[in-house]
Structures are given as structure tokens and as C-alpha cells.
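The values are calculated or read from the model by the stated rules, or taken from the named source; none is laboratory data. If you're wondering where the values come from, they're calculated on a predicted model, not measured in any experiment. Cβ placement follows ideal geometry from the backbone for every residue including glycine, while neighbour counts extend to all protein chains displayed. Note: areas computed on protein heavy atoms with side chains; ligands, DNA, RNA excluded. Shrake-Rupley method; radii C 1.70, N 1.55, O 1.52, S 1.80 Å.
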Amino acid sequence: MTIRVVLADDQPLIRAGLRMVIAGTPDVDVVGEAGTGAQAIQLARQLRPDVVLMDIRMPGMDGIEATQMITADSPAARVVILTTFDDDENVNASLRARASGFLVKDMALEDILTAVHVVAAGDALIAPSVTRRLIEEFAGRPEPAPARRELGGVTGREREVLTLVGRGMSNGEIAARLHISTGTAKAHVASLLTKLDARDRIQLVIIAYEAGLVSPFR
């Protein structure tokens, strides 16, 4: 199946570079380009792409507001923020807008293409440098922690899987740790997404922290 992508960036050269890389990939196709947040919303509604690669700073409506509107309009929409500005405010705002990924433009183009595949498959991805900062932020938060989130309806095995998701493990790594098949691990993750009303693995990681299943120190 071909992954249909919309590029949203106010710099034509950035869009051209991404398009060139994608053009050499048989299972990914650029179906539209936008130079503003408003255009990105319009294309997302018209074309229903699998993934939108979204810049933050664009004329008029910025990429974060556009992401919020796209994900609200279509819960299945997958938006990956691709920006030069990876400060904490932008990261947090992007996650609140329900972006499925946060990447920085100095990453290799091949890594960005890999992220498109990951997000299109229903997973989530954050640039390693940003992930390290998020963990450091958790580590720097003073105790006591806020009231822990309840995990009603979650089985014991699902709690184990959620803990490992919170530690950043893939389905394959979870399967190896728990001595189950990758398909079974994937099924447990899918069940957790449904039971916890989570959009993707990023939200499952947050829930694992909120429930006290993982901390930056273990």
C-alpha cells in the first residue's frame, strides 16, 4: 500500500528536498504541498493523506494550530511536526495538538522518511535529542508526584506491556522480554490504545508515567 503524504512548509526548497527523497521510495507518494497552515488543513480535508509533514512557523496560521485542527477534524490523521525550532514549548504544544511525531530538520532525510513509515503504521516517533530532554524534564520534576492515573479494565499482562512501552521498547523488544510473539505484543498494544483512549504510543508512554509504572530512573 502506498503511503500518501502532504508536505506543509513555507520554504519551497525544503519541500523540494523532501519530495526528491520521497520520489525515490516506491511505497510513498507526495499527493499535495502547502505553504501555510490554512492550506495544509484544506489539503488534509480534500486529500485525506496518511501523513502530513508539518512545519511550525508558517505565515498566518502556524503548524501547531493547523495540527490541532487536522487531528480534531479527522482522528485518524497522522501529523509529524518537522521543524528547526525544537524548544520545549514547541514540543509540548505539538504533543497537546496530538501530533504523532516531532522531528528536527537537521536529521538525515532518510531518517525523516523512516519516520513517515513508522507514523503511517500507527506508531509514533520523537527525535532522539528531544526524547532525551523530555526524560530529563521528568527527572527534574519535584516529588511528590500528582495523583496516579487509574488503569481500569487493564489486565495484568497489559500492565506489563504498558510498562515496557513506557520504557521505549518496540513491539519486537516487548515480545522478546515477555517471551510472546510479536503479533501478540502488537495485539496487547492495540488493546491498550482502545482501553485507555490513547491515540498512539506517545500517549501510552505518558499514561505509563502518570500511572507510576515507570520513572526516569528505572
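Quick one: which of ARG96, ARG159, ARG149 is within 25 Å of LEU196 (Cα to Cα), at pLDDT 85 or above and of a type outside the set (Asp, Glu)? It would help to see each step written out before you state the result.
Numbers: ARG96 fails: at pLDDT 85 or above; ARG149 fails: at pLDDT 85 or above.
Just one listed residue meets the conditions, ARG159.
Only one of these conditions is not met by MET61: (1) surrounded by 17 or more Cβ atoms within 10 Å (Cβ to Cβ); (2) hydrophobic (A, V, I, L, M, F, W, C); (3) more than 23 Å from SER170 (Cα to Cα). Which number is it?
Here MET61 clears every test but (1).
Could you pull out every one of the helices (runs of 4 or more DSSP H) wholly within the range 168-218 that has 1 or more residues that are over 17 Å from the mean Cα position of the chain (by Cα) and closer than 18 Å to GLU150 by Cβ?
Working: elements: 171-178, 182-195, 201-210.
Where helices (runs of 4 or more DSSP H) fall fully within the range 168-218 and carry at least 1 residues being over 17 Å from the mean Cα position of the chain (by Cα) and closer than 18 Å to GLU150 by Cβ, they are 182-195, 201-210.
Which of the residues belonging to the range 28-70 are among the charged types (D, E, K, R) and either closer than 12 Å to ALA97 by Cβ or within 15 Å of the chain's Cα centre (by Cα) (or both)?
ASP50, ASP55, ASP62, GLU65
The rows are residues; the columns are (1) touching a Leu at 6+ places or on another chain (Cβ under 9 Å); (2) open to solvent by less than 10 Å² (accessible area, probe 1.4 Å).
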position	(1), (2)
VAL6	yes, yes
GLY17	yes, no
PRO26	no, no
LEU47	no, no
VAL51	no, yes
ASN90	no, no
MET107	yes, no
ASP111	yes, no
